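Heads up, the thing below is written out as structure tokens.
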């Protein structure tokens, strides 16, 4: 099935119109010896055949639809209300291109404008762009912004070791071409208990950006105000990577001085979908508005004085500035931003706060119960945390997780590979989807699989 | 037609979604962390449904009608793809689950990697890049790291033809290179004499879109590639226009060292009103080890009793991780479904019909609009949207007037090397009847330009909003809804 409408006689008619005998003649400019290769790709399938094949492939996976999910570490198993997907199926949204023609793209443009508004409300920031690819690339774009903010004169970027390891890896990849920039602060020798003091000591007038995570990779909540003050004293910028769900109950970074907020928007109504497509949140204080990469939607009027929305400040972007542009981003996560806009609008003020509280309370109950288990210990017990916490286990996490699979439970994240000092440590996430019974059963099973 | 914002529709105390009550004993959060207020709107479920339904009605998509945006390949997006991606086995898998529990996903990605290798003529493919521009960045970083690894530190220059997309020069800067723009010759090909000047030991590489953004296949492509290779540079192919070449030619065989695919163009995945895209990158043999970490591979071969075990592979000299996890998996599922349905013969047919449609439309229009490069085109072509006898009428007026006739306009003012460009890509999924109607509208507009130019200047007339004041938008920056009494920030100068 090729989804082409041409009948044989129509093809003939068209060839005649363009004065060409055979279709092959349209490709004469292609070097002959390379023309028309045989492709080793299986033969075509009908819709009935491919659907049955896909069902078979999909059934080889175990899913969070069949087992409670205690796995997070950057992607979270939240409930997605039916409304979100039903509205996303409006094909006027999903089959549109980037809204370059505002007169027939007001739906997309207004939705992005509302997205920008909701992200500003959530983070306490002044300006949000229309999205980046994901939390990790949004963090990398924050580093690039800071580099250009100081016109390349400040050579140091400090990353907290408690920032998601994948974010730190992506930042290093992105900054490969900026050879004079030193990305540091997350040395493996830094203790995770004194990470913030270590960062604070390293802030100096050569520091362009400090990147923190809130709650951090281990779910911990710290008061960053004095650290941010210290950075601001030497003129450095501070970016905070957030979990959006947590901001339903936590003071937003805009209120404690962050200059840039980035984050993974997947918890805002996007399916886990094996890691993507997700949504890169990116918001700043107003003084940085002209330094932001990516698209911005602004409100204006049309010639009839009706309110209208357009892409604005486009002179920052690659299609105008070409090699002088600070980022090459073009396509972003439009449909994911729309999903999150629907999600935040539907949950609303009360629903979103309640959601955060549900995650917080269930995670705390789970932590208390697990801490009581023989051989298990919650590690940062005296530090406030949101919906994720680190547990020391009596056996290697990979072994426990494989055993949990037999009981249809998806265990937490093994942090050992990223934090070599944390052997046998599991990062556990609890969302609103998990019931008290499931937490109790999880505890029982943990005990069972480690004491057999 | 206007629609209030979600904040304007809000009524204090209204609820749209109910979560269960808390079923565990309560733990308090220290006061100093508790947020004071959350300025989210308060709507009912029906409020939300109507609001976003109204917004969708103010949009134009491929399902509404012809969407001939040049170089965007806005072909029909098959509905089965949407069903495929929503299968629970795909949608509800966590990216960090044990590998043994996600063998279906890994099989699908491995197979798609293999198919893209075969289609592009490359030795390996990464599915990680989130979009075409990120694929370009992967390519730029690979070029950077490749020369550095060989301790060839002098190579700092990337050549980019003047017909290229803006992402190419922006990518090269981000990857740490100096950008040099190459002119096109009178037939729209890369100018070989200009190229020769830069083929020296400072050349890191060339980024080439082929067919180029004029819709023309570069007649000197083999020579261009050879010259760059001889000088020690690498050749990057921007795969944005691959739709013209599916099953017709493999860029890797021609000598391209690196190329990105745009799954959201060539492989029919929806563009979502600005994303998500997906930009897998293929490379030749000598660059495999530089690909982003991780790649999908077979970690244990199959035997009589067991299927192969799929897992991850970490390339030795990798540029590193380019995004979280493994790529836009949901987009990959759609592209896998599309390629499966087309099969080898279907891929070939897609390119043929895409090129046939473009040439048919070109023939219908070239007597009415100036064709700057009079050649047979590939999957798209560029016309001038201006006439000498009515110099007041511009490409923009023509584009806006097309909306009154129910069509999405072509790309305008790009590529920059054509005066008042109208770049038209009909794609293979449009019928002769639709193409005829579109040509008729453009010919009618050419008549209107002479008889009643005012109707073009004031167009569009029948759209949800009319021409928008973009200068005001940039001057009086309003980038979010005004909530409560706070001042709207952003406007600085």
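A short reminder: the numbers here are calculations on the coordinates, not readings from a lab. Quick caveat, the model's predicted, so the values are computed rather than measured. We place every Cβ from the backbone using ideal geometry, glycine too, and count neighbours over all the protein chains shown.
Data overview
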quantity: Matching residues in the range B:414-424 - criterion: being part of a loop (DSSP other than H, G, I, E, B) and in contact (Cβ under 8 Å) with a residue 60 or more places away in the chain; calculated: B:414, B:415, B:416, B:417, B:418
quantity: Where residue A:346 falls short, out of the listed (1) closer than 24 Å to residue B:413 by Cα; (2) crowded, with 21+ Cβ neighbours inside 10 Å; (3) within 7 Å of chain B (Cβ to nearest Cβ); (4) in contact with a helix residue (DSSP H, G or I) (Cβ under 9 Å, 6 or more places away or on another chain); calculated: (1)
quantity: Members of the range B:231-259 that are assigned to a strand (DSSP E or B) and over 27 Å from residue B:63 (Cβ atoms); calculated: B:234, B:235, B:236, B:237, B:238, B:258, B:259
quantity: Where a residue in the range B:172-183 is on the phi > 0 side of the Ramachandran plot and its partner, wherever it lies, is surrounded by 24 or more Cβ atoms within 10 Å (Cβ to Cβ), with Cβ under 7 Å and at least six apart; calculated: B:176/B:144
quantity: Hey, residue A:331 under 27 Å from residue B:6 (Cα atoms), touching a helix residue (DSSP H, G or I) at 6+ places or on another chain (Cβ under 7 Å), crowded, with 21+ Cβ neighbours inside 10 Å and within 7 Å of another protein chain (Cβ to nearest Cβ) or not; calculated: yes
quantity: Any hit, the range B:141-153, residues being without any contact (Cβ under 8 Å) to a residue 60 or more places away in the chain, assigned to a loop (DSSP other than H, G, I, E, B) and within 12 Å of chain A (Cβ to nearest Cβ); calculated: yes
quantity: Residue list for the range B:386-413, restricted to those being assigned to a loop (DSSP other than H, G, I, E, B) and surrounded by 22 or more Cβ atoms within 10 Å (Cβ to Cβ); calculated: B:393, B:407, B:408, B:409, B:410
quantity: The listed residue being outside any strand (DSSP E or B) and within 14 Å of another protein chain (Cβ to nearest Cβ), out of B:201, B:218; calculated: B:218
quantity: Failed item, numbered, when residue A:26 is tested on (1) over 23 Å from the mean Cα position of the chain (by Cα); (2) part of a loop (DSSP other than H, G, I, E, B); (3) at the interface with chain B (Cβ under 7 Å from one of its Cβ atoms); calculated: (2)
quantity: Residue count for the range B:270-285, restricted to those that are in a loop (DSSP other than H, G, I, E, B) and either free of Cβ contacts under 8 Å to residues at least 60 places away in the same chain or more than 10 Å from chain A (Cβ to nearest Cβ) (or both); calculated: 4
quantity: Single condition residue A:337 does not satisfy, out of (1) away from chain B (no Cβ under 11 Å); (2) crowded, with 20+ Cβ neighbours inside 10 Å; (3) under 20 Å from the mean Cα position of the chain (by Cα); calculated: (1)
quantity: Selection count, the range A:32-73, where residues are surrounded by fewer than 16 Cβ atoms within 10 Å (Cβ to Cβ), within 7 Å of chain B (Cβ to nearest Cβ), at negative phi and not in a helix (DSSP H, G or I); calculated: 6
quantity: Unique match (being crowded, with 24+ Cβ neighbours inside 10 Å and out of contact with any strand residue (DSSP E or B) (no Cβ under 6 Å at 6 or more places or on another chain)) among A:174, A:178, A:222; calculated: A:174
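Condition check ((1) surrounded by fewer than 24 Cβ atoms within 10 Å (Cβ to Cβ); (2) within 17 Å of residue B:72 (Cα to Cα); (3) more than 7 Å from chain B (Cβ to nearest Cβ)) across all residues:
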site: A:95; (1), (2), (3): yes, yes, no
site: A:100; (1), (2), (3): yes, yes, yes
site: A:105; (1), (2), (3): no, yes, no
site: A:111; (1), (2), (3): no, no, no
site: A:117; (1), (2), (3): no, no, no
site: A:124; (1), (2), (3): yes, no, yes
site: A:129; (1), (2), (3): no, no, yes
site: A:132; (1), (2), (3): no, no, yes
